[in-house]
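Visitor: Quick one: the structure is below, questions incoming.
The values are calculated or read from the model by the stated rules, or taken from the named source; none is laboratory data. These numbers come from a predicted model, not from an experiment. Note: ideal-geometry Cβ built from the backbone for every residue, glycine included; neighbour counts use all protein chains shown. Ligands, DNA and RNA are excluded from the accessible area calculation, which covers all protein heavy atoms including side chains. Shrake-Rupley method; radii C 1.70, N 1.55, O 1.52, S 1.80 Å.
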Amino acid sequence: MSSNSTGVFDICDESFRRFISSTATLRRLYTGLTWVEGPAYFPALRILIFSDVAENRLLRYDECNEQTSVFRSPSNHSNGNTVDRQGRLITCEQQTRRVTRTEHDGAITVLVDRAENGKRFNSPNDVVVKSDGSIWFTDPTYGIDSDYEGDRAESETEGNFVYCLKDGTLHVVARDFEQPNGLVFSPDERRLYIVDTGRTHRPKDGPAHIRVFDVGDDGISLTGGNVFAECLTGFYDGLRIDTFGNIWTSAGTGVECYDGQTGKLLGRIRVPEIVANVCFGGGVKRNILYICATTSLYSIRLAVNGCKTF
């Protein structure tokens, strides 16, 4: 697909111009990290919590004073984070192989630490919370593959699954992924997009794509699962959605934007490092895209608003 550039943006479809400002600047907010992941934004506090996975810590970026500090260390090699409908931090801990919630008073509640038949999870990776309060997360093996971002261990499950924790009951919602990774709901929550990064383990022909599922009337069951987009620039990883339903996803050394209905690539933000994850922030406007990219945290202001999730 042909493209042209304006600033740090590559325009692949003219509609992309509606969502960006040609004068927007990619800002490096903080650097010196090892593997940056899992951004979660708290609008009331104007802060972003994110993971430095390999260094076993959570960090906090403050929009008001532009300062970054350690939020929690050790973090049990936390990876994906999100905010639930009550404004609490939900975290995937790769080392302890569990999903936790940080309460408003700072106490940590273990939400789930066992899969089917009492087996331990592999290493919960990314997480989203649906409007009904259910918690959806992926469970690839990255945290147990080595000691780099977890503890090396054998898998106890019969695959790498996608789970939903609803009203205290754990459901397996997808079993046919090689390495399930980032996930996000459409604005109406009728579709669920899930990344598969299986090519990390099968470099020649493993999956490096996003799949899209229809969510059943029960709010749990998934159907479909067709490939939504194939990554030609490395790997997709973490992703978010805007109020128009466009997908903004990490993709190699950049962030790519796709039409949420057709899967058409609209444009790309060039970033000087490999991008792992993204998150919308910027107070009530939600028009700042935070980018976690290998050693650094970046931001860029867009002309579109992130989908409100609580």
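Visitor: Lys308: which lysines have alpha carbons under 30 Å from its alpha carbon, excluding same-chain residues fewer than 8 sequence positions away?
Guide: Lys308 reaches Lys130, Lys166, Lys264, Lys285.
Visitor: Using the heavy atoms of the protein chains alone and a 1.4 angstrom probe, what is the accessible area of the chain per residue in square angstrom?
Guide: Working: 12700 Å² over 310 residues.
Counting only protein heavy atoms, the per-residue value for the chain is 41 Å².
Visitor: Mind checking region 90-166 for trypsin sites (Lys or Arg not before Pro) that DSSP puts in a loop (not H, G, I, E or B) and that have at most 15 other Cβ atoms within 10 Å? Display every interim value, and only then the final one.
Guide: Values: sites: Arg97, Arg98, Arg101, Arg114, Lys119, Arg120, Lys130, Arg152, Lys166; in loops: Arg97, Arg114, Lys119, Arg120, Lys130, Arg152.
Here the trypsin sites (Lys or Arg not before Pro) that fit, given the DSSP loop and packing criteria, are Arg114, Lys119, Arg152.
Visitor: List, largest first, the extents of the alpha carbons of region 4-301 along their principal axes, each in whole Å.
Guide: 53, 42, 37
Visitor: Additional query: Percent of accessible area on the chain owned by carbon and sulfur, 1.4 Å probe?
Guide: Result for the chain: 46 percent of the exposed heavy-atom area is carbon or sulfur.
Visitor: If you don't mind, another one. Cα centroids of region 248-272 and region 39-60: how far apart, whole angstrom?
Guide: The distance from the Cα centre of region 248-272 to that of region 39-60 comes to 23 Å.
Visitor: In whole angstrom, how far apart do the alpha carbon centroids of region 64-111 and region 183-201 sit?
Guide: Each part reduced to its Cα centre gives a spacing of 21 Å.
Visitor: Treat every Asp and Glu Cβ in the chain as -1 and every Lys and Arg Cβ as +1, leave all other atoms uncharged, and give the resulting dipole magnitude about the Cα centre to the nearest 20 debye.
Guide: That gives the chain a dipole magnitude of about 800 debye.
Visitor: If we count every other residue with Cβ under 9 angstrom of Arg199's Cβ, Lys/Arg +1 and Asp/Glu -1, where does the sum land? Show your work: numbers first, answer last.
Guide: Values: positive: Arg202, Lys204; negative: Glu178, Asp196, Asp205.
Net charge around Arg199: -1.
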